[in-house]
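Shown next, in structure tokens, is the structure this report addresses.
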Amino acid sequence: MNIFRNVVFVAALAGLVAGLVITALQTFYTVPLILQAETFENAEPAHDHAAPVATETAPAAPVEAHPHDEEGWAPADGAERTAFTALANIVTGIGFGLLLVVASEFAGGITGWRQGLFWGFAGFAVFALAPGLGLPPELPAMPAADLVARQVWWIATVAATGAGLWLVAFGGSAVLAVVGAALMVIPHIVGAPQPVSHDSPIPPDLHHDFVVAVTITNLVFWMLLGAAVGVFRTRFARGLEAPQGSLA
Amino acid sequence: MASTTHDTTSTQSRTLPLAFAALLGLFIVGFVGFSHAEAVHNAGHDYRHSMAFPCH
């Protein structure tokens, strides 16, 4: 039970730090672009934000309406909305931290912040870069294929890229390295689900800025998460009974 | 993560807690990033867009 507790402890601390920092970055770099995009969304009466099946009610939504108030609870704009974004960042920071710690423990554990940067970059490649090649970051009001199809492709791409990267790094043989490289390429040969038309009310400049902002903030998040795991692991989980002096 | 299947050096006592920790991580990320529940989607809306999860 010690092992599980230590993994959760290190992941929780690292996720808290990375989640708080990424929230600050998002507040400055990505959220303003999302809010700007929502003005285009609200100006489009035909668009239904909540449901992919566009047979909803609401003829001509009022221009001032919040995009989420057709159904269900939503946080109020401003502090409450930011608080929930922060909560989501911290909670998933811990979730991503758990995955990062577990993966690295199977390779002997992250032994310092510099090694953590490397593992963090691997996390960025697996969870942001690879799925982003086929499904670039989207703004509200942009056309997109079926949600479930995109989620399935996203998850499959992350799994294949993670497994492929692992085989390349730790597979230990040429054959497995080639298999790993193939696993990383195959999702892009299959291709991500795309909308029927890319015609969008969102100006291309706005979307370009958003893709750049999302990619860079993701990069910072992952490198910070990896470095934080390296710091907290060496500081708080040292000296535990383990092969190779690793966390577990 | 596929890495959980590549345990060649560790003992059984080490693999199981690590696997549970990975499952917990997958559950957390899956729930916040992929849940179709309206309230979860709305609460995490800006997060999902900012982290490039598929969103609505």
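Remark: residue A:148 matches the filter, which requires a residue to be within 16 Å of residue B:48 (Cβ to Cβ), more than 7 Å from every other protein chain (Cβ to nearest Cβ) and assigned to a helix (DSSP H, G or I).
Give me the residue from region A:75-94 that is under 19 Å from the mean Cα position of the chain (by Cα) and of a type outside the set (Val, Ile, Thr) and, out of that set, surrounded by the fewest Cβ atoms within 10 Å (Cβ to Cβ). Even if it seems obvious, please write down each step before you answer.
Initially, region A:75-94 is screened for residues under 19 Å from the mean Cα position of the chain (by Cα), giving A:81-94.
Right, trim to of a type outside the set (Val, Ile, Thr) and you get A:81, A:83-84, A:86-89, A:93.
Values: A:81: 20, A:83: 14, A:84: 19, A:86: 19, A:87: 17, A:88: 23, A:89: 28, A:93: 28.
Among those residues, the one meeting the criterion is A:83.
The set of residues in region A:52-82 being of a type in the set (A, V, I, L, M, F, W, C) and either modelled with pLDDT of 95 or more or in contact with an Asp or Glu (Cβ under 7 Å, 6 or more places away or on another chain) (or both) consists of A:54, A:58. Exactly one residue out of A:222, A:166, A:153 is touching a Ser or Thr at 6+ places or on another chain (Cβ under 6 Å) and either modelled with pLDDT of 95 or more or polar (S, T, N, Q) (or both): that is A:166. In region A:1-12, of all residues being more than 9 Å from chain B (Cβ to nearest Cβ) and surrounded by fewer than 20 Cβ atoms within 10 Å (Cβ to Cβ), the one that is farthest from residue A:96 (Cα to Cα) corresponds to A:9. Among the residues of region A:207-220, are any more than 27 Å from residue A:98 (Cα to Cα) and assigned to a loop (DSSP other than H, G, I, E, B)? Among the residues of region A:207-220, not one is more than 27 Å from residue A:98 (Cα to Cα) and assigned to a loop (DSSP other than H, G, I, E, B), which makes the answer no. Selection over region A:34-51 of residues that are facing another protein chain (nearest Cβ under 9 Å) and either modelled with pLDDT of 80 or more or in contact with a strand residue (DSSP E or B) (Cβ under 7 Å, 6 or more places away or on another chain) (or both) gives a count of 3. Scanning region A:108-145 for residues that are in contact with a helix residue (DSSP H, G or I) (Cβ under 6 Å, 6 or more places away or on another chain), in a loop (DSSP other than H, G, I, E, B) and within 24 Å of residue B:16 (Cα to Cα) returns A:108, A:110. Condition test on residue A:211, is it more than 10 Å from every other protein chain (Cβ to nearest Cβ), at pLDDT 95 or above and more than 22 Å from residue A:90 (Cβ to Cβ)? No. If you take the residues in region B:7-36 that are among the small types (Gly, Ala, Ser) and at pLDDT below 90, which one is surrounded by the fewest Cβ atoms within 10 Å (Cβ to Cβ)? If we take residues in region B:7-36 being among the small types (Gly, Ala, Ser) and at pLDDT below 90, then B:13 is surrounded by the fewest Cβ atoms within 10 Å (Cβ to Cβ).
Among the residues of region A:96-131, count how many are facing chain B (nearest Cβ under 9 Å), crowded, with 23+ Cβ neighbours inside 10 Å and under 24 Å from residue B:20 (Cα atoms). Give the steps one after another, and end with the answer.
So the first thing to find is which residues in region A:96-131 are facing chain B (nearest Cβ under 9 Å), and the list is A:96-108, A:126-128, A:131.
Subsequent filtering for residues that are crowded, with 23+ Cβ neighbours inside 10 Å retains A:96-106, A:126-127, A:131.
Now narrow it down to the ones that are under 24 Å from residue B:20 (Cα atoms): A:96-106, A:126-127.
Residues meeting the conditions: 13.
The values are calculated or read from the model by the stated rules, or taken from the named source; none is laboratory data. These numbers were taken from a predicted model, which means no experiment stands behind them. A quick note on method: Cβ atoms are made from the backbone with ideal geometry, for glycine too, and the neighbour counts reach across all protein chains shown.
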